[in-house]
Amino acid sequence: MVDVGARSFDAPSPLGERIAAVRAALDEAARAANRDPLEITLVGVTKTRPREVVLAALAAGLTDVGETYAQEARAKFAGLPPVRKHFIGHIQSNKARAIVETFDVVHSIDRLEAGIAIARAQHGLGKRPKALLQLNISPSARFGIAPDEAPDLAKQLREDEGLDIDGVMAIGPLTDDRRAIVAAFRVAAETFERVGGTTLSLGMTADWREAIACGSTMVRIGTAIFGPRPPRKRTEPEGEPARR
Ligand SMILES: *Cc1c(COP(=O)(O)O)cnc(C)c1O
């Protein structure tokens with residue numbers, strides 16, 4: 001079986017095999033945590049990958065794709081077969097319209113202003129994507145709302161702006177200290193309870209095992225499926241450049 005660990009990505013193998021291997025490993029981790037594997041959605045993170053790779057991944061059975069740049073995604077996603085599209089980058093208010101137009105789930109509402117921008121765009125477009133509050137649970141994270149402030153922000157965005165806040169998203173700390181990762185993910189899981197909704201978006205290539213043990217319902221996996229990303233040359237302020 002293909003190894004899906006973060007540091008052990010080795011020989012490229014067919015995409016379908018890697019997707020199946022990641023899915024099998026997720027299922028196994030879910031069962032080990034006494035959870036139903038069907039509770040856990042796999043989002044394949046396709047940032048920096050060309051459209052042909054996205055098409056191949058869909059053909060191989062991937063049902064959800066994540067991108068960090070609205071513009072990159074727009075070009076890449078045009079005319080794609082049915083797939084759920086996730087925006088996981090940083091929200092710039094002036095890109096809100098493109099984000100709502102292009103995506104079905106917005107993971108990164110990290111401040112009131114971002115929520116209001118998304119709400120305006122959805123009213124204008126007559127489309128209501130699901131939205132998650134991005135929590136800051138780590139000193140290495142650049143974005144995200146403080147967990148303690150999330151329940152009030154959720155209430156305000158639901159009641160005053162009509163956003164469909166369906167849970168929370170967080171990026172784990174950039175560390176090999178597994179206990180620190182679990183501690184941070186527990187904060188996210190507790191905050192998810194307080195915010196409500198159905199989606200706890202937690203876990204990437206390096207930390208999805210801890211995420212599943214802590215209750216994640218949605219993991220965002222790039223490297224373990226598609227291999228290491230080349231360093232990015234562009235300099236837009238969107239996204240989480242430290243993680244690219
Ligand atoms: C890039 C990215 C991922 C995927 O990261 P990998 O380590 O390649 O699995 C997940 N979530 C966010 C927000 C990202 O920017």
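A few points about this structure:
- A single member of L62, L58 is surrounded by 15 or more Cβ atoms within 10 Å (Cβ to Cβ), in contact (Cβ under 8 Å) with a residue 24 or more places away in the chain and closer than 21 Å to D207 by Cα, and it is L62.
- Residue in the stretch 72-86 that is farther than 23 Å from A224 by Cα and surrounded by 16 or more Cβ atoms within 10 Å (Cβ to Cβ) present: no
- Residue selected from the stretch 73-101 under the condition among the β-branched types (V, I, T) and within 16 Å of the ligand (Cβ to nearest atom), by the criterion farthest from R51 (Cα to Cα): I91
- Cβ-Cβ contacts under 7 Å between residues 6 or more apart (or on different chains), taken from a first residue in the stretch 111-122 that is closer than 11 Å to I145 by Cβ to a second residue that is outside any helix (DSSP H, G or I), are listed as R111/I145; A114/I91; G115/I109; G115/E161; G115/L163.
Each value in this text was obtained by applying a stated rule to the coordinates, not by laboratory testing. Just so it is clear, the structure is predicted and the values come from calculations on it, not from any experiment. For neighbour counting, all protein chains shown are included, and Cβ atoms are generated from backbone atoms with ideal geometry for every residue, glycine included.
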